[in-house]
1. Could you give each residue of the range 31-43 its phi-based ³J(HN,Hα) in whole Hz, using Karplus coefficients 6.51, -1.76, 1.60 with θ = phi - 60°, and x for Gly or Pro?
2. Taking 0.36 nm per residue of separation and subtracting the Cα-Cα distance, what length does fully extending Asn35 through Thr86 add?
3. When only C-alpha pairs under 8 Å and at least 6 residues apart count, what is the relative contact order of the range 39-150, in percent?
4. So what's the convex hull volume per residue for the Cα atoms of the range 55-150, in Å³?
5. What order do you get for 105-118, 32-45 when each peptide is scored by the mean count of other beta carbon atoms within 10 Å, highest first?
6. Taking the mean number of other Cβ atoms within 10 Å as a proxy for protection, how do you rank 94-102, 133-141 from highest to lowest?
7. Once amide H atoms are built 1.01 Å from N in the peptide plane, which residues 5 or more positions from Phe99, or in another chain, come under 5 Å H to H?
8. Lys pairs in the range 45-129, Cα-Cα under 17 Å, at least 8 apart or on separate chains: how many?
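Read-outs: derived from the displayed coordinates by stated rules, not from any lab. From a predicted model like this one, the values you see are computed outputs, not experimental measurements. Don't worry about glycine lacking a Cβ; one is built from the backbone with ideal geometry, like all the others, and counts go over all protein chains shown.
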Amino acid sequence: MNKRFFLKIFSTFFLSILFTKRLISVENPNIINPNLTDEQKRIMFGDGTERAGTSPLNFEKRKGSYHCANCNAKLFESVSKFDSGTGWPSFNEAIPGAFKTKVDYSFGMKRIEYHCAKCGAHHGHVFNDGPGPNGKRYCNNGLCLIFIPD
Ligand SMILES: [Zn+2]
């Protein structure tokens, strides 16, 4: 393997760990829910990702709505949820205005990251390969969501 390429990957990985640690160790003014776990803080305020297939919400099929685990803003309706087979809860449509997006170049990929418009918490990435009329696939960390059944 090319030595410079390896060095670049290694430094990106190392810096992302440093940056994540720094972000969650500082008192983050955006943290509203005092009961967030360290893992939730790492994902929501350190742009982290939970391990695929670990969220019980992957199997949630009831009618209801999905809310931000930090600020409780309503983000998705259960009718927009679908099984993407990725191991993360996936949705083809978000509540209008629920999210803001930015381009994320981490890990050598160009992806669209989205975060809660109300509290700024990171939730996941949105892709253009989803089912449904707008073709979106919101790939959301389950730990960032609270499901409220109807
Ligand atoms: Zn929020």
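1. Couplings: 6, 9, 7, x, 9, 4, 7, 4, 5, 5, 5, 4, 6 Hz.
2. Numbers: separation 51, 0.36 × 51 = 18.36 nm, distance 2.79 nm.
Full-extension gain reported as 15.6 nm.
3. Normalised by residue count, the contact order of the range 39-150 is 31 percent.
4. Working: hull volume 9.3 nm³, N = 96.
Cα convex hull per residue, to the nearest whole number: 97 Å³.
5. Values: 105-118: 15.1, 32-45: 16.8.
The peptides rank, most packed first, as 32-45, 105-118.
6. The packing order, highest mean first, is 133-141, 94-102.
7. Placed amide hydrogens put Ala117 under 5 Å from Phe99.
8. 9
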